[in-house]
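This report concerns only the one structure given below.
The values are calculated or read from the model by the stated rules, or taken from the named source; none is laboratory data. Computed from a predicted model, the values in this text were never measured in an experiment. All Cβ positions, glycine included, derive from the backbone under ideal geometry; neighbour counts span all protein chains shown. Surface areas here come from the heavy atoms of the whole protein model, side chains and all, with no ligands, DNA or RNA. Shrake-Rupley method; radii C 1.70, N 1.55, O 1.52, S 1.80 Å.
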Amino acid sequence: MTQAARRDARIDPLAALRAPGDPPWDVYLTGTVFLDIVFTGLDSAPVRGTESWARGMGSSPGGVANMATALARLGLRTSLAAAFGDDHYGEYCWDALAQGEGIDLSASRTVPGWHSPVTVSMAYEGERTMVSHGHEPPQEETAPDCPPRARAAVASLTPGARSPWIAQAAGEGTRVFADVGWDETGAWDLAGLADLEHCEAFLPNAEEAMRYTGADCPRAAARALTAHVPVAVVTLGAEGAYAVDRRTGETAEVPAIAVEALDPTGAGDVFVAGFVTGTLAGWPLADRLAFAGLTAALSVQEFGGSLSAPGWSEIGAWWRRVQSVEGQDPAALRRYAFLEDLVPAELDRPWPLRRAVPTIGFRRSL
(Lines give C-alpha, C1' and ligand atoms only; values in the text may rest on other atoms or scores of the structure.)
Protein backbone atom coordinates (compact mmCIF):
# COMPACT_ATOMS: atom_id res chain seq x y z
CA MET A 1 0.00 0.00 0.00
CA THR A 2 1.40 3.40 -0.94
CA GLN A 3 1.90 6.20 1.53
CA ALA A 4 -1.03 8.03 -0.04
CA ALA A 5 -3.31 5.01 0.31
CA ARG A 6 -2.37 4.55 3.98
CA ARG A 7 -3.04 8.22 4.55
CA ASP A 8 -6.45 8.25 2.88
CA ALA A 9 -7.50 5.21 4.90
CA ARG A 10 -7.27 7.26 8.11
CA ILE A 11 -10.17 9.60 7.36
CA ASP A 12 -12.88 8.85 4.82
CA PRO A 13 -15.52 11.60 4.83
CA LEU A 14 -17.91 9.31 2.96
CA ALA A 15 -17.36 6.18 5.08
CA ALA A 16 -20.90 6.17 6.49
CA LEU A 17 -22.39 6.42 2.99
CA ARG A 18 -20.45 3.73 1.17
CA ALA A 19 -22.33 0.64 0.05
CA PRO A 20 -21.87 -2.29 -2.34
CA GLY A 21 -22.48 -1.26 -5.92
CA ASP A 22 -21.27 2.32 -5.42
CA PRO A 23 -19.31 3.93 -8.26
CA PRO A 24 -15.60 3.12 -8.00
CA TRP A 25 -14.69 6.82 -7.84
CA ASP A 26 -15.96 9.67 -5.72
CA VAL A 27 -14.88 12.36 -8.19
CA TYR A 28 -13.88 12.37 -11.84
CA LEU A 29 -12.25 15.29 -13.62
CA THR A 30 -10.38 16.00 -16.80
CA GLY A 31 -8.22 18.85 -18.04
CA THR A 32 -4.67 19.97 -18.68
CA VAL A 33 -1.81 19.28 -16.26
CA PHE A 34 0.85 22.01 -16.17
CA LEU A 35 4.19 22.12 -14.45
CA ASP A 36 3.89 25.17 -12.19
CA ILE A 37 6.95 27.18 -11.22
CA VAL A 38 5.98 29.72 -8.57
CA PHE A 39 8.01 32.69 -7.35
CA THR A 40 6.96 34.29 -4.07
CA GLY A 41 8.35 36.95 -1.78
CA LEU A 42 8.49 39.57 -4.51
CA ASP A 43 8.21 43.11 -3.18
CA SER A 44 6.49 44.32 -6.34
CA ALA A 45 5.67 43.35 -9.90
CA PRO A 46 8.70 42.79 -12.15
CA VAL A 47 9.71 45.92 -14.06
CA ARG A 48 10.69 45.77 -17.73
CA GLY A 49 14.43 45.86 -18.28
CA THR A 50 15.28 44.90 -14.67
CA GLU A 51 16.00 41.70 -12.78
CA SER A 52 13.84 40.79 -9.78
CA TRP A 53 14.91 38.32 -7.10
CA ALA A 54 12.26 36.25 -5.28
CA ARG A 55 12.74 35.16 -1.69
CA GLY A 56 10.87 31.91 -2.32
CA MET A 57 10.28 29.46 -5.16
CA GLY A 58 8.38 26.23 -5.62
CA SER A 59 7.66 23.68 -8.35
CA SER A 60 4.62 21.41 -8.46
CA PRO A 61 1.99 19.92 -10.77
CA GLY A 62 -0.55 22.57 -11.75
CA GLY A 63 -3.61 23.14 -13.88
CA VAL A 64 -6.23 20.45 -13.26
CA ALA A 65 -3.75 18.80 -10.87
CA ASN A 66 -4.57 21.51 -8.31
CA MET A 67 -8.17 20.31 -8.08
CA ALA A 68 -7.32 16.61 -8.24
CA THR A 69 -4.79 16.86 -5.41
CA ALA A 70 -7.11 18.93 -3.21
CA LEU A 71 -9.86 16.32 -3.60
CA ALA A 72 -7.53 13.40 -2.90
CA ARG A 73 -6.06 15.03 0.21
CA LEU A 74 -9.58 15.34 1.62
CA GLY A 75 -10.01 11.58 1.32
CA LEU A 76 -12.06 11.37 -1.88
CA ARG A 77 -11.31 8.61 -4.37
CA THR A 78 -10.25 10.71 -7.33
CA SER A 79 -9.87 9.77 -11.00
CA LEU A 80 -8.16 12.13 -13.45
CA ALA A 81 -8.10 11.97 -17.24
CA ALA A 82 -5.34 14.14 -18.66
CA ALA A 83 -2.56 14.17 -21.23
CA PHE A 84 0.98 14.14 -19.83
CA GLY A 85 4.05 15.33 -21.64
CA ASP A 86 6.64 12.82 -22.81
CA ASP A 87 9.41 14.59 -20.90
CA HIS A 88 10.88 14.83 -17.41
CA TYR A 89 8.27 17.40 -16.42
CA GLY A 90 5.51 14.97 -17.41
CA GLU A 91 7.17 12.11 -15.55
CA TYR A 92 7.47 14.24 -12.44
CA CYS A 93 3.81 15.33 -12.56
CA TRP A 94 2.60 11.76 -13.16
CA ASP A 95 4.65 10.44 -10.24
CA ALA A 96 3.60 13.26 -7.91
CA LEU A 97 -0.09 12.60 -8.60
CA ALA A 98 -0.18 8.81 -8.84
CA GLN A 99 2.40 7.81 -6.27
CA GLY A 100 2.43 10.89 -4.05
CA GLU A 101 -1.32 11.54 -3.87
CA GLY A 102 -2.95 8.23 -4.77
CA ILE A 103 -4.89 9.71 -7.72
CA ASP A 104 -6.14 7.22 -10.31
CA LEU A 105 -4.57 7.96 -13.70
CA SER A 106 -5.85 4.92 -15.59
CA ALA A 107 -7.81 7.25 -17.89
CA SER A 108 -4.73 9.46 -18.49
CA ARG A 109 -2.15 9.12 -21.24
CA THR A 110 1.47 10.02 -21.90
CA VAL A 111 1.67 11.60 -25.36
CA PRO A 112 4.85 10.71 -27.29
CA GLY A 113 6.77 13.76 -28.48
CA TRP A 114 4.50 16.25 -26.69
CA HIS A 115 6.09 18.54 -24.11
CA SER A 116 4.43 19.47 -20.84
CA PRO A 117 2.72 22.85 -20.61
CA VAL A 118 4.48 25.16 -18.16
CA THR A 119 3.23 28.10 -16.09
CA VAL A 120 5.48 30.56 -14.26
CA SER A 121 3.54 32.35 -11.52
CA MET A 122 4.75 35.39 -9.61
CA ALA A 123 2.98 36.10 -6.31
CA TYR A 124 3.11 39.55 -4.73
CA GLU A 125 0.80 41.86 -2.79
CA GLY A 126 -1.72 39.04 -2.36
CA GLU A 127 -2.13 38.63 -6.13
CA ARG A 128 -0.36 36.69 -8.86
CA THR A 129 0.81 37.21 -12.42
CA MET A 130 1.26 34.21 -14.69
CA VAL A 131 3.07 33.41 -17.92
CA SER A 132 2.26 30.09 -19.59
CA HIS A 133 3.48 28.13 -22.58
CA GLY A 134 2.15 24.95 -24.14
CA HIS A 135 0.54 23.32 -27.15
CA GLU A 136 -2.77 21.49 -27.37
CA PRO A 137 -2.33 17.71 -27.18
CA PRO A 138 -3.97 15.54 -29.84
CA GLN A 139 -7.72 15.53 -29.16
CA GLU A 140 -7.89 11.77 -28.79
CA GLU A 141 -5.36 11.90 -25.96
CA THR A 142 -7.20 14.30 -23.64
CA ALA A 143 -10.03 12.21 -22.20
CA PRO A 144 -11.76 8.85 -22.70
CA ASP A 145 -14.90 8.69 -24.81
CA CYS A 146 -16.85 7.33 -21.85
CA PRO A 147 -16.15 8.87 -18.41
CA PRO A 148 -15.87 6.37 -15.55
CA ARG A 149 -18.70 5.98 -13.06
CA ALA A 150 -18.30 8.48 -10.23
CA ARG A 151 -20.41 10.08 -7.53
CA ALA A 152 -19.39 13.53 -8.73
CA ALA A 153 -17.43 15.31 -11.42
CA VAL A 154 -15.80 18.72 -11.52
CA ALA A 155 -15.96 20.58 -14.82
CA SER A 156 -14.63 23.90 -16.06
CA LEU A 157 -17.22 25.34 -18.44
CA THR A 158 -16.13 26.95 -21.70
CA PRO A 159 -18.28 29.81 -23.07
CA GLY A 160 -19.76 28.89 -26.44
CA ALA A 161 -18.70 25.25 -26.33
CA ARG A 162 -20.05 21.96 -25.05
CA SER A 163 -18.06 19.11 -23.54
CA PRO A 164 -20.00 15.93 -24.39
CA TRP A 165 -18.66 14.03 -21.39
CA ILE A 166 -20.52 16.37 -19.00
CA ALA A 167 -23.98 15.46 -20.35
CA GLN A 168 -22.99 11.81 -20.47
CA ALA A 169 -21.77 11.78 -16.87
CA ALA A 170 -24.85 13.63 -15.62
CA GLY A 171 -27.09 11.19 -17.50
CA GLU A 172 -25.50 8.33 -15.56
CA GLY A 173 -26.22 9.97 -12.21
CA THR A 174 -22.94 11.79 -11.63
CA ARG A 175 -23.38 15.10 -9.78
CA VAL A 176 -21.52 17.77 -11.75
CA PHE A 177 -19.92 20.78 -10.05
CA ALA A 178 -18.80 23.54 -12.39
CA ASP A 179 -16.68 26.65 -12.37
CA VAL A 180 -15.81 28.95 -15.25
CA GLY A 181 -12.92 31.08 -16.39
CA TRP A 182 -12.90 34.66 -17.59
CA ASP A 183 -14.98 35.13 -20.74
CA GLU A 184 -12.42 36.44 -23.22
CA THR A 185 -15.18 37.07 -25.79
CA GLY A 186 -16.77 39.66 -23.53
CA ALA A 187 -20.25 38.25 -24.23
CA TRP A 188 -20.96 37.05 -20.68
CA ASP A 189 -23.99 35.16 -21.96
CA LEU A 190 -25.36 32.43 -19.70
CA ALA A 191 -26.88 30.77 -22.73
CA GLY A 192 -23.32 30.26 -23.94
CA LEU A 193 -22.64 28.02 -20.93
CA ALA A 194 -24.66 25.24 -22.50
CA ASP A 195 -23.43 22.52 -20.15
CA LEU A 196 -24.73 24.41 -17.12
CA GLU A 197 -28.06 22.63 -17.58
CA HIS A 198 -26.37 19.36 -16.60
CA CYS A 199 -24.76 20.74 -13.43
CA GLU A 200 -25.84 20.52 -9.82
CA ALA A 201 -23.74 23.44 -8.62
CA PHE A 202 -22.03 26.44 -10.20
CA LEU A 203 -19.20 28.20 -8.35
CA PRO A 204 -18.11 31.46 -10.04
CA ASN A 205 -16.40 34.37 -8.33
CA ALA A 206 -18.28 37.59 -7.63
CA GLU A 207 -17.19 39.42 -10.77
CA GLU A 208 -18.05 36.50 -13.03
CA ALA A 209 -21.43 36.00 -11.36
CA MET A 210 -22.42 39.66 -11.71
CA ARG A 211 -21.33 39.86 -15.34
CA TYR A 212 -23.24 36.73 -16.30
CA THR A 213 -26.45 37.80 -14.54
CA GLY A 214 -26.29 41.59 -14.84
CA ALA A 215 -26.92 41.83 -11.09
CA ASP A 216 -25.47 44.76 -9.17
CA CYS A 217 -24.27 42.70 -6.19
CA PRO A 218 -22.87 39.17 -5.76
CA ARG A 219 -25.71 37.97 -3.54
CA ALA A 220 -28.33 39.00 -6.06
CA ALA A 221 -26.25 37.31 -8.75
CA ALA A 222 -26.22 34.06 -6.78
CA ARG A 223 -30.00 34.14 -6.45
CA ALA A 224 -30.36 34.83 -10.16
CA LEU A 225 -28.10 31.91 -11.05
CA THR A 226 -30.42 29.45 -9.31
CA ALA A 227 -32.81 29.90 -12.23
CA HIS A 228 -30.22 27.95 -14.23
CA VAL A 229 -28.63 25.57 -11.70
CA PRO A 230 -29.88 24.15 -8.36
CA VAL A 231 -27.00 25.43 -6.21
CA ALA A 232 -25.11 28.68 -6.80
CA VAL A 233 -21.99 29.51 -4.79
CA VAL A 234 -20.35 32.89 -5.28
CA THR A 235 -16.93 33.55 -3.78
CA LEU A 236 -16.53 37.07 -2.39
CA GLY A 237 -12.75 37.27 -1.98
CA ALA A 238 -11.81 38.76 1.39
CA GLU A 239 -15.50 38.82 2.37
CA GLY A 240 -15.94 35.05 2.19
CA ALA A 241 -18.65 33.31 0.15
CA TYR A 242 -22.42 33.24 -0.35
CA ALA A 243 -24.55 30.29 -1.49
CA VAL A 244 -28.16 29.58 -2.42
CA ASP A 245 -29.82 26.17 -2.78
CA ARG A 246 -32.95 26.46 -4.92
CA ARG A 247 -34.24 23.02 -3.96
CA THR A 248 -34.23 23.53 -0.20
CA GLY A 249 -34.54 27.32 -0.08
CA GLU A 250 -31.38 27.49 2.04
CA THR A 251 -29.01 30.43 1.88
CA ALA A 252 -25.67 30.69 3.64
CA GLU A 253 -22.95 33.27 4.00
CA VAL A 254 -19.62 32.62 5.69
CA PRO A 255 -16.89 35.24 6.21
CA ALA A 256 -13.35 34.57 5.06
CA ILE A 257 -10.71 33.44 7.54
CA ALA A 258 -7.98 36.04 7.90
CA VAL A 259 -4.57 34.53 7.17
CA GLU A 260 -1.22 35.78 5.94
CA ALA A 261 -1.21 34.67 2.32
CA LEU A 262 2.05 33.41 0.88
CA ASP A 263 0.73 32.29 -2.50
CA PRO A 264 -2.91 32.30 -3.73
CA THR A 265 -2.22 29.82 -6.55
CA GLY A 266 -4.88 27.09 -6.57
CA ALA A 267 -6.98 28.53 -3.73
CA GLY A 268 -10.11 28.54 -5.90
CA ASP A 269 -9.60 24.87 -6.75
CA VAL A 270 -9.18 23.99 -3.08
CA PHE A 271 -12.39 25.89 -2.28
CA VAL A 272 -14.33 23.85 -4.85
CA ALA A 273 -12.80 20.61 -3.53
CA GLY A 274 -13.92 21.46 0.00
CA PHE A 275 -17.44 22.24 -1.17
CA VAL A 276 -17.66 19.01 -3.19
CA THR A 277 -16.47 17.00 -0.17
CA GLY A 278 -19.09 18.49 2.12
CA THR A 279 -21.83 18.04 -0.47
CA LEU A 280 -21.07 14.37 -1.06
CA ALA A 281 -20.94 13.85 2.71
CA GLY A 282 -24.42 15.39 3.05
CA TRP A 283 -23.49 18.34 5.24
CA PRO A 284 -25.72 21.43 5.64
CA LEU A 285 -25.06 24.22 3.15
CA ALA A 286 -23.44 26.53 5.71
CA ASP A 287 -21.04 23.80 6.87
CA ARG A 288 -20.05 23.06 3.27
CA LEU A 289 -19.37 26.74 2.67
CA ALA A 290 -17.37 27.14 5.88
CA PHE A 291 -15.30 24.04 5.17
CA ALA A 292 -14.54 25.20 1.62
CA GLY A 293 -13.40 28.58 2.89
CA LEU A 294 -11.25 27.01 5.59
CA THR A 295 -9.45 24.67 3.20
CA ALA A 296 -8.79 27.55 0.79
CA ALA A 297 -7.44 29.72 3.62
CA LEU A 298 -5.07 26.99 4.75
CA SER A 299 -3.83 26.49 1.19
CA VAL A 300 -2.64 30.06 0.61
CA GLN A 301 -0.14 29.76 3.46
CA GLU A 302 2.02 27.37 1.43
CA PHE A 303 3.94 27.59 -1.87
CA GLY A 304 2.40 26.35 -5.09
CA GLY A 305 -1.03 25.18 -6.17
CA SER A 306 -1.52 21.42 -5.92
CA LEU A 307 0.96 20.74 -3.13
CA SER A 308 -0.38 23.57 -0.98
CA ALA A 309 -3.75 21.81 -0.53
CA PRO A 310 -4.39 20.88 3.11
CA GLY A 311 -5.09 17.40 4.43
CA TRP A 312 -7.15 16.35 7.43
CA SER A 313 -4.18 16.58 9.80
CA GLU A 314 -3.81 20.28 9.03
CA ILE A 315 -7.54 20.88 9.30
CA GLY A 316 -7.58 19.17 12.69
CA ALA A 317 -4.49 21.03 13.86
CA TRP A 318 -6.10 24.36 12.89
CA TRP A 319 -9.32 23.52 14.76
CA ARG A 320 -7.49 22.62 17.96
CA ARG A 321 -5.18 25.61 17.72
CA VAL A 322 -7.87 28.19 17.03
CA GLN A 323 -9.85 27.10 20.09
CA SER A 324 -6.88 27.86 22.33
CA VAL A 325 -6.46 31.45 21.12
CA GLU A 326 -7.70 33.95 23.70
CA GLY A 327 -10.36 36.46 22.78
CA GLN A 328 -12.03 34.34 20.12
CA ASP A 329 -15.58 35.25 19.17
CA PRO A 330 -17.71 32.34 20.49
CA ALA A 331 -20.13 32.68 17.59
CA ALA A 332 -17.28 32.40 15.08
CA LEU A 333 -15.99 29.28 16.81
CA ARG A 334 -19.43 27.69 16.74
CA ARG A 335 -19.46 28.12 12.96
CA TYR A 336 -16.70 25.48 12.77
CA ALA A 337 -17.88 23.24 15.62
CA PHE A 338 -18.91 20.58 13.09
CA LEU A 339 -15.19 19.80 12.73
CA GLU A 340 -15.13 18.35 16.25
CA ASP A 341 -16.81 15.14 15.12
CA LEU A 342 -14.84 14.91 11.88
CA VAL A 343 -11.24 15.00 13.05
CA PRO A 344 -10.14 12.40 15.64
CA ALA A 345 -8.35 13.94 18.59
CA GLU A 346 -5.28 11.73 18.10
CA LEU A 347 -4.80 12.75 14.46
CA ASP A 348 -2.23 15.54 14.44
CA ARG A 349 0.33 15.12 11.65
CA PRO A 350 0.35 11.39 10.87
CA TRP A 351 2.19 11.85 7.58
CA PRO A 352 4.38 14.51 5.99
CA LEU A 353 2.47 16.28 3.24
CA ARG A 354 4.50 16.83 0.09
CA ARG A 355 5.21 20.50 -0.53
CA ALA A 356 6.48 22.44 -3.50
CA VAL A 357 10.28 22.70 -3.54
CA PRO A 358 12.60 24.90 -5.64
CA THR A 359 13.61 22.04 -7.92
CA ILE A 360 12.40 18.67 -9.14
CA GLY A 361 14.18 15.36 -9.48
CA PHE A 362 15.69 14.90 -6.01
CA ARG A 363 15.95 11.25 -5.09
CA ARG A 364 13.67 10.35 -2.21
CA SER A 365 12.53 7.27 -0.32
CA LEU A 366 8.81 6.57 -0.07
Which value results when the Cα radius of gyration for the stretch 40-134 is divided by 2.2 N^0.38 Å? 1.26
Work out the FRET efficiency for GLU136 and GLU172 from their Cβ-Cβ distance, taking R0 = 35 Å, and round it to the nearest 0.05. 0.80
Reported to the nearest 10 Å², HIS228 has, with a 1.4 Å probe, an accessible area equal to 90 Å²
In nm, to one decimal, how far is the ASP341 label point from the GLN301 one, both placed 7 Å along Cα→Cβ? 2.6 nm
Net length gained if the chain between ALA332 and VAL259 were fully extended (0.36 nm per residue, minus Cα distance): 24.8 nm
Using a Gaussian network model on the chain with a 10 Å cutoff between Cα atoms, which of PRO284, PRO148, PRO13 fluctuates the most? PRO284
nm² value of the averaged projected area, convex hull over the Cα atoms of the stretch 174-220: 3.4 nm²
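How much length would be gained if the chain were fully extended between SER106 and ARG321, taking 0.36 nm per residue of separation minus their Cα-Cα distance, in nm to one decimal?
Extra length available between SER106 and ARG321 comes to 73.5 nm.
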Equivalent ellipsoid dimensions for the stretch 141-186 as semi-axes, Å, which come from the Cα gyration tensor, largest first: 21, 12, 9
Using Cα pairs under 8 angstrom and six or more residues apart, how large is the relative contact order of the stretch 188-327, in percent? 17 percent
Helix-only [θ]222 nm of the chain, DSSP H runs n ≥ 4, -39500 (n - 2.57) each, per residue, nearest 500: -8000 deg cm²/dmol
About the Cα centre of the chain, how large is the charge dipole given +1 on each Lys and Arg Cβ and -1 on each Asp and Glu Cβ? Please answer in debye to the nearest 20. 800 debye
Dipole magnitude (debye, nearest 20) for the stretch 64-165, charges at Cβ of Lys, Arg, Asp, Glu: 520 debye
Rounded FRET efficiency, nearest 0.05, which uses the C-beta distance separating THR50 from ASP87 and R0 of 35 Å: 0.65
Which residue fluctuates the most in the chain, going by a Gaussian network model with Cα springs under 10 Å, if the choices are ALA243, ALA81, ALA220? ALA220
Quotient of Cα Rg and 2.2 N^0.38 Å for the chain, N being how many residues it contains: 0.95
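Roughly how many Å² is the accessible area per residue of the chain, as a whole number, for a 1.4 Å probe?
Accessible area per residue, the chain: 46 Å².
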Potential extension, GLU184-THR359 segment - 0.36 nm per residue separation minus Cα distance: 59.7 nm
ARG128 accessible area, 1.4 Å probe, all protein chains in place, Å² to nearest 10: 100 Å²
Accessible area of ARG18, 1.4 Å probe, to the nearest 10 Å²? 60 Å²
Could you work out which residue, out of ASP43, ASP179, ASP263, moves most in a Gaussian network model of the chain, that is, has the largest mean-square fluctuation with Cα springs under 10 Å? ASP43
